[in-house]
Amino acid sequence: MKTKSPPALDLSPLSQKDLLCTSSLQTADIERIFATTRALKTGRAVHTEVLRHKRLAMIFEKDSLRTRFTFDIGMQDLGGSAVFMDHRDARLGSRESVKDVAKNLERWVHGIVARTFKHKAMEELAHHAGIPVINGLSDLVHPCQALSDFFTLTEKWGSVRGRTLTYVGDGNNTCHALIHTAVKLGTNIRVCSPEGYEPNSRVVNEAMRVASETGAEVTILNDPVAAAEGADAIYTDVWASMGQEDEIAERNGVFASYQIDDDMMARALPGALFMHCLPAHRGWEVTQEVMDGPQSVVYDIAENRLHVQKAILALLLR
């Protein structure tokens, strides 16, 4: 019996040094990330020397489960290592300038993953660092999450072009990343939020310009029933993100009618997928039944955080 050859890897550079936002990626870059993800996921036991002796710095101002574990494990899987810097007690740039942090780290490591409150700090870090900077989450966008979301959809559907993804909830960083990524891939995206909680208008306007070229549609609305109608997938996130803990009670009241339950899923297409970036508050933004139901792909997405981020690391740090 012939031994199956390991999947081939194309590790030629992406069009960008950094990954701060999927809006800066070309569609071909995203497709390359997905192709690399498939190869690494299939050949996990084979591609173990891709980043041999490479080191990754991880600077986190916010708590993390998926982002921290998957980047760390991802570096180990590829033969490299990661060093974690807990920055929860002091924002990036408070102890010493962001420029000096960047200039020091570029002498020691081959790449940086940052998880910051302010996107401006992320941009400043990337501007001064001569090594790749990867956005592990900022107040504006969560690009690695959106790439994992859409990679999971390609596993389920094949092509995502022409499909409709409905996001119901706060117009937050995850929502922004989904909008940017959807239009690059020709996916129709509907965002349904209460009045005053819609996504950033600049993000929407930029996405609409891209959508006019790719054939995607961007729809912003406030009626969750209309938003769910005929969707291929329904996505939600927490109603109050990190840093908004003092708004939880108020937001729970505002978003109460935006909960994803069986009735809302029934308005989508038969077999529509349920998606969530996690952590989830069961009984708030999603019911227990939907979260753990047969249409839920939340744990597939969480698993794919590892494989997608390995692809990003391999392509940027190589």
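Amide H to amide H under 5 Å from G230: which residues, 5+ apart in sequence or cross-chain, H placed 1.01 Å off N in plane?
A268, L269
What Kirkwood radius, in Å to one decimal, follows from the Cα pairs of the chain?
Across the chain, the inverse of the average 1/r is 20.0 Å.
Just to be sure I understand the curve: with the Debye formula and one point per C-alpha of the stretch 1-97, what is log10 I(q)/I(0) at q = 0.11, 0.21 Å⁻¹?
So the normalised log intensities are -0.45, -1.24.
Quick one: Debye curve from the C-alpha atoms of the stretch 15-166, no solvent, what's log10 I(q)/I(0) at q = 0.13, 0.15, 0.19 Å⁻¹?
The Cα Debye sum returns log10 ratios of -0.63, -0.83, -1.27.
For the Cα atoms of the chain, what angle does the longest principal axis make with the long axis of helix 201-214, in degrees from 0 to 90, nearest 10?
The angle comes out at about 80 degrees.
Measure nothing but the geometry: give the 0 to 90° angle between the long axis through the Cα atoms of 143-157 and the longest principal axis through the Cα atoms of the chain, rounded to 10°.
70
Against the longest principal axis of the chain, how steep is helix 298-317, in degrees 0 to 90 to the nearest 10, with axes from Cα atoms?
It works out to around 30 degrees.
What does the highest-first list of 185-191, 143-149, 42-48 look like by mean Cβ count within 10 Å?
143-149, 185-191, 42-48
Give me the extension gain from L278 to E213: residue separation times 0.36 nm, minus the current Cα-Cα distance, reported in nm with one decimal.
Full-extension gain reported as 20.2 nm.
Alpha carbon centre of the stretch 95-122 versus the stretch 283-318: separation in Å?
Cα centres, the stretch 95-122 to the stretch 283-318: 26 Å.
Would you mind listing how long the stretch 145-301 runs along its three principal axes, going by Cα atoms, in whole Å with the largest first?
41, 35, 26
Taking the mean number of other Cβ atoms within 10 Å as a proxy for protection, how do you rank 214-227, 295-308 from highest to lowest? Can you show the working numbers first?
Numbers: 214-227: 16.6, 295-308: 20.2.
Peptide ranking by packing, descending: 295-308, 214-227.
Could you calculate the contour length gain from I248 to R44, that is, 0.36 nm times the residue separation minus the distance between their Cα atoms, to one decimal place in nm?
69.4 nm
Would you calculate, for the chain, the mean residue ellipticity at 222 nm contributed by helices, counting each DSSP H stretch of 4 or more residues as -39,500 (n - 2.57) and dividing by all residues, to the nearest 500?
Counting only the DSSP helices, I get -12500 deg cm²/dmol.
Could you tell me which of V83, A177, L221 has its Cα farthest along the dipole of the chain towards the positive end, charges placed at Cβ (Lys, Arg +1; Asp, Glu -1), taken about the Cα centre?
V83
Fully extended, how many nm does the chain gain between V83 and R161 (0.36 nm per residue separation, minus their Cα-Cα distance)?
24.3 nm
Would you mind working out the magnitude of the charge dipole of the chain relative to its Cα centre, with +1 at each Lys and Arg C-beta and -1 at each Asp and Glu C-beta, to the nearest 20 Debye? Kindly include the intermediate steps, with their values, before the conclusion.
Details: 35 positive and 41 negative charges, 355 e Å.
Magnitude of the dipole: close to 1700 debye.
No value in this document is a laboratory result; all are computed from the given coordinates. Just so we're clear, the structure is a prediction, and the values are computed from it rather than from any experiment. Counting neighbours? That spans all protein chains shown, and the Cβs are built from the backbone with ideal geometry, glycine included.
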